[in-house]
Amino acid sequence: MLATPYQGLTPDRILDALASIGLPGDGRLLSLNSYENRVYRVHLEGDASAPDAGAQAVVVKFYRPGRWSDEQILEEHGFAQELAGHEIPVVAPLAQERRTLHEFEGFRFAVFPVRGGRAPELEDPAILTRIGRFIGRIHRVGAVRAFQTRPTLDQVSFGTQPRDWLLANNWVPADLLSPWCSVADLALESVQACFERAGDVARIRLHGDCHIGNLLWSDGGPHFVDLDDARNGPAIQDLWMLISGDREAMTRQLSELLAGYEDFAEIDPRELHLVEALRTLRLMHYSAWLARRWDDPAFPSAFPWFNTHHYWQDRILELREQVAAMAEPALAV
């Protein structure tokens, strides 16, 4: 039987890992929603005589083996701490024993403070503008310098390589192989055309996975969690995932985001050519991501619809729709 990525990561080992850096748990832990890594809320030991005994807790993230190097993880941590140093509300790792990245019995992990919140109401224009202002502050810091070890979002890593990997590993059903290959090739050609129209836009440090699930809202406003996908890329990458609907709706939502964003950073209007291209790359990357993780027991149980015949039929239709969307003029705001 093949070893799975987190085989051996038992509750006892989680607690022992925290204890090894001076954070003994009281035995209570809760698994949090995460597929790429394993993330837990752990209550720490407290003074049993205190009225809030056991109330102190941390979030501990165990990194997927082999995904990032130590240098890449530390560069993510450094970015989060840099943002926090500018009073930008991101959840940065805690330094314990002067380190943010730890290792215990083959598992690398980091510890974060607990930060609660709810999903923001993206239909509220004022909230979109405030989120845009927040992202603008992140990008103002992110533009100061580029990541040195973390990757850059481009057509190869998010498009060509996922397509080639799926084909080389025979994930597409034989009877759908020809139509899928045809539309995937056409989609990548359309992506390339969008990037050519945009020209040589700047690549800055990004959150990278700026969807509503990583954005929490509290009475004090928004804060981002999970910089695990931070990378270099065009600024519009951190904006397009927050807009949806028909062209009119997306134009309105993007205008509201940019009304706040441009209080702190400027958006190159040429990047608007990349909205549908980046959406297409994410869709292609997502299929390969699921396939690459299929040996992790969490994935078949969480995504039972993946790799069915119907799944690949839907992906063919989806890519056809994206080819049509990429042929339309860029959003004008």
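Where a number appears in this text, it was derived from the coordinates with a stated rule and is not lab data. Remember, it's a predicted structure, so these values are computed and weren't measured experimentally. Backbone-built Cβ (ideal geometry, glycine too); neighbour counts: all protein chains shown.
List of remarks:
- Taking 7 Å steps out from each Cα toward its Cβ at Glu196 and Ala143 produces label points 2.8 nm apart.
- Less than 5 angstrom separates the built amide H of Glu103 from those of Phe109, all sequence-distant by 5 or more or on a different chain.
- For the range 167-287: rounded, prolate or oblate by the Cα gyration tensor [a/c cutoff 1.5]: prolate
- When +1 charges are put on Lys and Arg Cβ atoms and -1 charges on Asp and Glu Cβ atoms, the dipole computed for the chain relative to its Cα centre reaches about 300 debye.
- Rg/Rh for the range 11-113, where both radii come from Cα atoms and Rh is the Kirkwood radius: 0.98
- For the chain, the calculated P(r) over all alpha carbon pairs, in 10 Å bins from 0 to the bin holding the longest distance, is 5, 23, 31, 26, 12, 3, 0 percent.
- With the cut-off at under 16 Å, measuring from each backbone N in the range 109-126 to a point 7 Å along the Cα-to-Cβ line of Ser20 picks out 109-111.
- Near Glu123, once Lys and Arg are set to +1 and Asp and Glu to -1 for all other residues with Cβ below 13 Å from its Cβ, the sum equals -2.
- Couplings 3J(HN,Hα) for the range 16-33, derived from phi with the Karplus relation 6.51 cos²θ - 1.76 cosθ + 1.60 (θ = phi - 60°), are 5, 4, 5, 4, 5, 10, x, 10, x, x, 9, x, 9, 9, 10, 6, 9, 5 Hz, where x marks Gly and Pro.
- The alpha carbon centroids of the range 1-45 and the range 145-223 are separated by 31 Å.
- Of all DSSP-defined beta bridges confined to the chain, some 95% are antiparallel rather than parallel.
- Rounded to whole Hz, the Karplus (6.51, -1.76, 1.60) HN-Hα couplings of the range 249-262, x for glycine and proline: 5, 5, 4, 5, 5, 5, 4, 5, 4, 5, 4, x, 4, 7
- Springs join every pair of Cα atoms under 10 Å in this Gaussian network model of the chain, and among Asp263, Asp226, Asp209 the largest mean-square fluctuation is at Asp263.
- Förster radius 35 Å - calculated FRET efficiency between Asp175 and His211 (Cβ-Cβ, nearest 0.05): 0.60
- A cut-off of 5 Å between modelled amide H atoms, ignoring neighbours fewer than 5 places along the same chain, links Ile204 with Gly233, Ala235.
- In order through the range 147-163: 3J(HN,Hα) via Karplus (6.51 cos²θ - 1.76 cosθ + 1.60), integer Hz, x for Gly, Pro: 5, 9, 10, 7, x, 10, 6, 8, 5, 6, 5, 9, x, 5, 5, x, 4
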